[in-house]
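Since the structure comes first, as structure tokens, the remarks are kept for the end.
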Amino acid sequence: MSKFMSEEKRKHSSQIVPFSYYECRIPDYFASVPLHWHTEFEINYIRSGCSEFICGDEKFVAEAGDIILLPPNMLHAIYPYQNNTQSYDTLVFHPAMLGLEENDRCAAECIRPIVNGSLGLRVHIGKAAARYEVIKGLVEEIFFCAKENSAQADMLLKSDLLRMLWMLEQTGAVYRIREEDANRSELIRPALEFINENFCESITVEKLAEITHLSKSYFMDRFKQAAGVGAVEYLIQLRIKKACELLVNTEKTTAEIAFECGFRNLSNYNRQFKRIVGCTPNEYRRTFCYKS
């Protein structure tokens, strides 16, 4: 899961297998998951530890046993919490798994409104949530089926996803969104899109504020509230994540990678890399090669 940059370019599903399963650890596998979004649903099930989630306008610490449900196109990010390591499972799946493309009343009244944003989902399902044990059982079976990765397991996976959504409706975790309650974090989405397309270039806060039609001070405030970090720090994190990807997948030199990721000063690149990742670029490359 190394390429989390604004709207993800990665395809999490195909027509034959409309979902992807990931086993994740923060910060062991990656330092953080910067703010981004994708067109699929996502379920995160926390196995151990804790970390900080930002989902739309919500910000919370997720602990072992918590379930995080993300509808399509919701901005979300994950950051380490204090000195904790968090282990969690992630399932990213196409809305077709819920029957989005059908023409029946279930799709029309229950599924499409969640996909188009007129119905909301309660994102954070903790132990105090209504019918938590039942929902947790369904989520555990969902991940069991995802790991099985067979046509037969897909049948049970689809039915469990629908049953989970039904249970959420029964407990009030699916609700109608009023226009005045729409995500304030949407204000910065144009800036995220611009950063994603131009992160290797010189980008100023003034330019980002102009793109969002906000004053500089208000933009900086809204960006930090939505992303968890300031715009400049967010840009640096994206550059470092791209650098990690190039270190793993190419034989380019450290200097070539630094320049390609938008750094014009090699010592600054090395300093920022070690600050965020915890080791030097060369150590990162050697560690990955050793593990593989």
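From the list CYS261, CYS279, CYS289, CYS244, the one residue that fits, being under 22 Å from ASN198 (Cα atoms) and modelled with pLDDT under 90, is CYS244. Would you say VAL17 is of a type in the set (Val, Ile, Thr), modelled with pLDDT of 95 or more, surrounded by fewer than 21 Cβ atoms within 10 Å (Cβ to Cβ) and over 13 Å from THR90 (Cβ atoms)? No: the conditions fail for VAL17. Would you check which residues across the range 74-96 are within 26 Å of ASN149 (Cβ to Cβ) and surrounded by fewer than 19 Cβ atoms within 10 Å (Cβ to Cβ) and list them? If the condition is that a residue be within 26 Å of ASN149 (Cβ to Cβ) and surrounded by fewer than 19 Cβ atoms within 10 Å (Cβ to Cβ), then SER87, ALA96 are the ones that fit. Residues of the range 235-253 that are over 19 Å from GLU201 (Cα atoms) and not in a loop (DSSP other than H, G, I, E, B): LEU247, VAL248, ASN249. Note on the range 225-234: residues that are assigned to a helix (DSSP H, G or I) and crowded, with 19+ Cβ neighbours inside 10 Å total 4. Does PHE259 satisfy the criteria of being assigned to a helix (DSSP H, G or I) and without any contact (Cβ under 8 Å) to a residue 24 or more places away in the chain? The answer is yes for PHE259. In summary, TYR88 fulfils each of the numbered conditions (1) in contact (Cβ under 8 Å) with a residue 40 or more places away in the chain; (2) part of a helix (DSSP H, G or I) with the single exception of condition (2). Of all residue pairs spaced 6 or more apart or on separate chains, those with beta-carbon atoms under 9 Å, a first member in the range 18-36 that is in contact (Cβ under 8 Å) with a residue 12 or more places away in the chain and over 19 Å from GLY49 (Cα atoms) and a second member that is surrounded by fewer than 17 Cβ atoms within 10 Å (Cβ to Cβ) and among the basic types (Lys, Arg) are SER20/ARG10; SER20/LYS11; TYR21/LYS147. Residue count for the range 108-118, restricted to those that are modelled with pLDDT of 90 or more and of a type outside the set (D, E, K, R): 6.
Of the residues making up the range 12-71, just one is under 13 Å from the mean Cα position of the chain (by Cα), charged (D, E, K, R) and part of a loop (DSSP other than H, G, I, E, B), namely GLU40.
With GLU102, GLU109 as the choices, which residue is over 20 Å from PRO18 (Cα atoms) and free of Cβ contacts under 8 Å to residues at least 60 places away in the same chain?
One residue alone meets the criteria, GLU109.
If you filter the range 114-129 down to residues that are touching a residue at least 40 places away in the same chain (Cβ under 8 Å) and over 23 Å from ASP66 (Cβ atoms), you find that the one that is farthest from the chain's Cα centre (by Cα) is SER118. The single condition from (1) in contact with a Gly (Cβ under 8 Å, 6 or more places away or on another chain); (2) touching a residue at least 60 places away in the same chain (Cβ under 8 Å); (3) more than 27 Å from ASP57 (Cα to Cα) that LYS147 fails is (1). When restricted to residues that are surrounded by 13 or more Cβ atoms within 10 Å (Cβ to Cβ), of a type outside the set (Phe, Trp, Tyr) and touching a helix residue (DSSP H, G or I) at 6+ places or on another chain (Cβ under 9 Å), the range 244-265 contains 11.
Suppose the filter is surrounded by 15 or more Cβ atoms within 10 Å (Cβ to Cβ), in contact (Cβ under 8 Å) with a residue 40 or more places away in the chain and out of contact with any helix residue (DSSP H, G or I) (no Cβ under 6 Å at 6 or more places or on another chain); does ASN270 pass it? For ASN270, the condition - surrounded by 15 or more Cβ atoms within 10 Å (Cβ to Cβ), in contact (Cβ under 8 Å) with a residue 40 or more places away in the chain and out of contact with any helix residue (DSSP H, G or I) (no Cβ under 6 Å at 6 or more places or on another chain) - is not met. Out of the residues in the range 118-133 that are out of contact with any Leu (no Cβ under 7 Å at 6 or more places or on another chain) and among the aliphatic types (A, V, I, L, M), state the one that is surrounded by the fewest Cβ atoms within 10 Å (Cβ to Cβ). Residue satisfying both the conditions and the ranking: ALA128.
The values are calculated or read from the model by the stated rules, or taken from the named source; none is laboratory data. Values in this document were obtained by computation on a predicted structure and should not be read as measured data. When we count neighbours, we look across all protein chains shown, and the Cβ atoms used for this are built from the backbone with ideal geometry, even at glycine.
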